[in-house]
Every structure is written in C-alpha cells, then in structure tokens.
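**Student:** The structure that follows is given in the form of structure tokens.
No value in this document is a laboratory result; all are computed from the given coordinates. Being a predicted model, the structure only gives us computed values, none of them experimental. Note that each Cβ is placed from the backbone with ideal geometry, even for glycine, and that neighbours are counted across all protein chains shown.
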Amino acid sequence: MHAIALEATNAVVTLDVALPGIVWGWIITMNMWAKSIGTGVIFILFYLLKKYPNEAAYLRFPLTVVSIVFIHLFLFFTVIDLHQMFRFWHIFFHPHWMSAITVGAWMATIYVGLIFFLAYASFIKKDNALFDKILIWTVVVGIPVTLYTAGLMAESSARELWQMPTESAQMILAALLAGSATTLLIGGKLPYEAKRDLAIILGLSAFGAFILYMSEYIFGAMKAEEVAATLEFIKGNGEYTTMFWIGQIFAFIVPMVLVALSVTNKSTSLLALASVSALAGLWVSKHVWLVIPQLLSMS
C-alpha cells in the first residue's frame, strides 16, 4: 500500500483540459496527399507493365523516383507532426501492434526499402525481371500503407465522420486518382490506348470518391448527431462550405467531365488539365474532411 501511495503522489498530469482548436491541420493533409501519390504511382505502374510491358517500360525508373520523393514527403510531415518526434524509435523497439500508427510505421519502412530496391534494379542493375518481381511485393505492401491512415482516423472514436470502411475506400480511391493523374503528367510518350486506360481509371476513381462524399453529405446526418453537427460546417452558410465545393469540383467533377470529353473525342489534350485539377482538388477535399470534425467541442 505504501508503494502504491508513493507512486500516486508522483503522478504527472500531462493533459487535464480538452485540446482547443484544430490538432490535425494542413501538415496531416500534406501527409495524406503525398502518400496518395507515393503509393498510387506504384499501383498504376504495376497495371501499365502488365498490360503495356513494352510501351510502359521506360516509366520504371521515373515513377519509382516519384514514389521515393512523395513517400519521403509523407514521412517528413508525419514526423514533424509528432509532439515527441525524437521518441519515434519507440514504435520499432516497443511496438504496440493494436495501434494503426505502429502498423503503418512498420509497413511504410518496409515500403521505403522496397522502392529503393526498385530504384537499384532499374537504374543500377538494369534488370527488368528483378524489378518486376520486387514490384509485386511493393504493391502488396503499398496497400496497407495507403489504408493505415483510415485506420488511424477511425481510432478517433469521438469523431463519428471518420469511420471504417468508408475512409478505407476513400484512401484507395485517392491513391488511384493521384497515381493515374501523376502518371498522365509524366507519361507523355505512352500510346493513346494506355493514356485512355489511365484516363478511365482517373475518371472512375473521381466518380467513386465523389459518390462517397455525397453519400456522407446527404445521408451522414442519419448516422449520428455529431455527424449532423459536423456537416453543418460544409452546408448552407457553413464556414467551410466554399472550400468543400471547390475541392469537390476540382478533384472530382472537372476530371470526370474532361475524361468523358477526352474518351468520347479520342483525344488526350485535355488529360493534363484533368490531372492537375484532380491533384489540386484532392488536397482541398482531404483538408476539409480532416478539419471539420475537429471544429466540434468534445465537452
């Protein structure tokens, strides 16, 4: 009893009031946006090499470099958001496997190793067969890397808007949208058929994501009172209404329209504009969806 009492008197209070304002802001938006590109280009590269092995062969190294750059941007914004960033090694030496951030950190570390191995195979070794074998495992690991943020958000049980499996679907669709858009901007030498396929992936990803957002927008209030209150920030005269619709229009509606025009007219001239619009709008959409649940007081 004495020992227990002594430990109790040495307790340290680290937080005894609610955190005011927005805790996850633009840094986390950059985290999710960069991750979508970093994993998405690898998913798209895998598809292109399976369907257009000769025509897409030149994209092995460029898209690997894009993945390396954006995954490290994702990691950078992850680390700087940590309140005790120099303690991140605890995740690896004292892992808690029921935590989404622990699983995500391990998967991201493995993913980084694999994409560097891809760079070695394509640029130094120049071994396409080896590259393609590693690429399969990179795609497999890239899936949980893409999804882990959805798990992390869903762990915030007091934020009813962030629920599985809806957020998982949004993460995958964001990766496909960002990956196809980035590849369209880089893959200028691809034949029309390959660009058409990428345009269709872009358009369908935009359509799927838009349907999910609209489903939450229209029917989300039926889920919980908190969701109804959250959605008021993007309805009517809500303070994020304009930003929400800017994101929806440029991330999803504009790309869908431009892709439809491109495929109908068998022209690829509009796809660069569709890609830029999708990438810029995706950032805005992610940011609004991240911020609005945090505007509600939890007390």
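**Student:** For the cross-link pairs Lys51/Lys126; Lys189/Lys286; Lys35/Lys223, which exceed 24 Å when the distance is taken from alpha carbon to alpha carbon?
**Tutor:** Lys189/Lys286; Lys35/Lys223
**Student:** Taking the alpha carbon gyration tensor of the stretch 96-251, what are the square roots of 5 times its eigenvalues, largest first, to the nearest whole Å?
**Tutor:** 34, 23, 11
**Student:** Name the trypsin sites (Lys or Arg not before Pro) in the stretch 190-299 that are in a loop by DSSP and that have at most 10 other C-beta atoms within 10 Å, would you?
**Tutor:** For trypsin sites (Lys or Arg not before Pro) across the stretch 190-299 that sit outside H, G, I, E and B with at most 10 neighbouring Cβ atoms in 10 Å, the list reads Lys266.
**Student:** Give me Thr109, Thr39, Thr29 ranked fewest to most by other Cβ atoms within 10 Å of their Cβ, as a rough exposure proxy.
**Tutor:** Least crowded to most crowded, the residues run Thr109, Thr29, Thr39.
**Student:** Next question, about the same structure. Count neighbours as other Cβ atoms within 10 Å of each site's Cβ, and list the GluC sites (Glu not before Pro) in the stretch 197-299 that are DSSP loop with at most 16 such neighbours.
**Tutor:** Glu239
**Student:** Based on DSSP H runs of at least 4 residues, each adding -39500 (n - 2.57), what is the mean residue ellipticity at 222 nm of the chain after dividing by all its residues, to the nearest 500 deg cm²/dmol?
**Tutor:** For the chain, the value works out to -23000 deg cm²/dmol.
**Student:** Okay, moving on. Using a simple spin-label model with points 7 Å from Cα along the Cα→Cβ vector, what separation in nm is obtained for Ala224 and Leu273?
**Tutor:** 4.2
**Student:** Taking loop as defined by DSSP and a crowding limit of 15 other beta carbons within 10 Å, which GluC sites (Glu not before Pro) in the stretch 158-195 fit?
**Tutor:** Answer by residue number: there is no such site.
**Student:** At a Förster radius of 30 Å, what calculated FRET efficiency corresponds to the Cβ-Cβ distance of Lys133 and Leu82, to the nearest 0.05?
**Tutor:** Working from the Cβ atoms, E equals 0.30.
**Student:** Also, quick follow-up: Based on C-alpha coordinates, I'd like the Rg and Dmax of the stretch 22-295, in Å.
**Tutor:** So, for the stretch 22-295, Rg and Dmax equal 18.9, 58 Å respectively.
**Student:** Set the Förster radius R0 to 45 Å, insert the Cβ-Cβ distance between Ile124 and Ile200 as r into 1/(1 + (r/R0)^6), and round the FRET efficiency to 0.05.
**Tutor:** FRET efficiency, Ile124 to Ile200: 0.85.
**Student:** To the nearest 20 debye, what is the magnitude of the charge dipole of the chain about its Cα centre, counting +1 on the Cβ of each Lys and Arg and -1 on the Cβ of each Asp and Glu?
**Tutor:** Computed about the Cα centre, the dipole is about 1200 debye.
**Student:** Which angle between 0 and 90 degrees, to the nearest 10, do you get for helix 26-51 versus the longest principal axis of the chain when only C-alpha atoms count?
**Tutor:** Orientation of helix 26-51: about 30 degrees from the principal axis.
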